[in-house]
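The values are calculated or read from the model by the stated rules, or taken from the named source; none is laboratory data. Computed from a predicted model, the values in this text were never measured in an experiment. Using ideal geometry, Cβ is built from the backbone for each residue, glycine included, and neighbour counts are taken over all protein chains shown.
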Amino acid sequence: MAAIFGFVTPFCSCSAIPLFIGFLQARIPLGVVFSYLISAPMNNEIAFVLILGLFGWKVALLYTGLGILVAVVAGIILGRMRLEKEILIEVKPASSAFEVEIPKLLERIKEAWNHTLELFKKIAPFVLVGIGLGAFIHGYVPSEFVLKWAGGDSWYAVPLAVLIGAPMYNNAVSIIPLVEVLINKGMLFGTALSFMMATSTFSLPEGIMLKRLMSWKLLALFYGITALGIIINGYLFNFILH
């Protein structure tokens, strides 16, 4: 359900993080929250329609279905590892209506505003630095560079495409034109789609923000398990669509 909810919410890798924090405060299990954090930037209905228009039903359904599968499996694995202690910030659980009197609407709006402002002050500097670095990488890594190193049919093309795409800051919708160019220039479908998944799911701004929220161990497990799932998807795409 969390992975499907991520599909219908149009958030990028950075804008999904406040919801990540909110879900933890609502006492939603960590693995379920990670399923949402993976699915939201990787899949959305707008990207589905664009992929459908450019590449047809088969590619659109494969991309969305396997993307949701990665989110579900990674969430299950991370949830069973019991990593709640690796969350660095204090997550105050949302109070139950049975424990306290529900505040009036204006009080709730004020509390929400103060919480938002406090969160913004903590992460805004890191967002700006991360977006700047991600934009620099995105602007100075041309399609020819990606094609040169990950454009062939060698075994390492898919993991290399994931490695190249991970630091860039982009969302699933705006990266599709670049993916179309790469495919038209000869890159295999699976390699190009795994590059798209990595670019939309990972980013330097997201990594910098998440490091403020969790330990290096949890961050490495999150990225490692998700990247492995994307690489497997890339090989499956190439096998099915070649």
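Taken over region 81-94, the criterion of being at pLDDT 75 or above and of a type in the set (A, V, I, L, M) is satisfied by MET81, LEU83, ILE87, LEU88, ILE89. Per the conditions (1) modelled with pLDDT of 65 or more; (2) not in a helix (DSSP H, G or I), the sole criterion not satisfied by ALA161 is (2). Cβ separations smaller than 7 Å between residues 6+ apart or across chains give the following pairs from region 197-216 residues that are without any contact (Cβ under 8 Å) to a residue 40 or more places away in the chain to residues that are of a type in the set (Val, Ile, Thr) and crowded, with 24+ Cβ neighbours inside 10 Å: ALA198/VAL162; ALA198/ILE230. Taken over region 170-191, residues that are crowded, with 24+ Cβ neighbours inside 10 Å and within 11 Å of the chain's Cα centre (by Cα) amount to 1. ALA97 meets the conditions (1) under 26 Å from THR226 (Cα atoms); (2) exposed (fewer than 12 other Cβ atoms within 10 Å of the Cβ); (3) at pLDDT below 90 in every case but one. The failed one is (1). For region 22-31, taking the residues that are out of contact with any strand residue (DSSP E or B) (no Cβ under 8 Å at 6 or more places or on another chain) and surrounded by 19 or more Cβ atoms within 10 Å (Cβ to Cβ), the one that is nearest to GLU86 (Cα to Cα) is identified as GLY31.
Condition check for LEU37 on (1) closer than 19 Å to MET214 by Cβ; (2) more than 13 Å from the chain's Cα centre (by Cα): one failure, at (2). Only a single item in (1) modelled with pLDDT under 90; (2) among the aromatic types (Phe, Trp, Tyr); (3) surrounded by fewer than 18 Cβ atoms within 10 Å (Cβ to Cβ) is not met by PHE5, and it is number (1).
When every residue of region 211-225 is checked against the conditions, at least one turns out to be of a type in the set (Lys, Arg), in a helix (DSSP H, G or I), surrounded by fewer than 20 Cβ atoms within 10 Å (Cβ to Cβ) and touching an Asp or Glu at 6+ places or on another chain (Cβ under 6 Å).
Kindly indicate whether SER194 is in a helix (DSSP H, G or I), at pLDDT 90 or above and buried (at least 19 other Cβ atoms within 10 Å of the Cβ). The answer is yes for SER194. Would you please name the residue that is surrounded by the fewest Cβ atoms within 10 Å (Cβ to Cβ), looking only at residues in region 32-53 that are farther than 16 Å from ALA16 by Cβ and touching a helix residue (DSSP H, G or I) at 6+ places or on another chain (Cβ under 6 Å)? Restricting to residues being farther than 16 Å from ALA16 by Cβ and touching a helix residue (DSSP H, G or I) at 6+ places or on another chain (Cβ under 6 Å), the top hit is LEU52. Residues of region 8-19 that are buried (at least 20 other Cβ atoms within 10 Å of the Cβ) and either over 17 Å from PHE222 (Cα atoms) or not small (Gly, Ala, Ser) (or both): CYS12, CYS14, ILE17.
Results for (1) within 20 Å of TYR169 (Cα to Cα); (2) free of Cβ contacts under 8 Å to residues at least 24 places away in the same chain; (3) not in a helix (DSSP H, G or I), shown as yes or no for each residue.
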site: SER15; (1), (2), (3): yes, yes, yes
site: GLY22; (1), (2), (3): no, yes, no
site: VAL32; (1), (2), (3): no, no, no
site: PRO41; (1), (2), (3): yes, no, no
site: GLY65; (1), (2), (3): no, yes, no
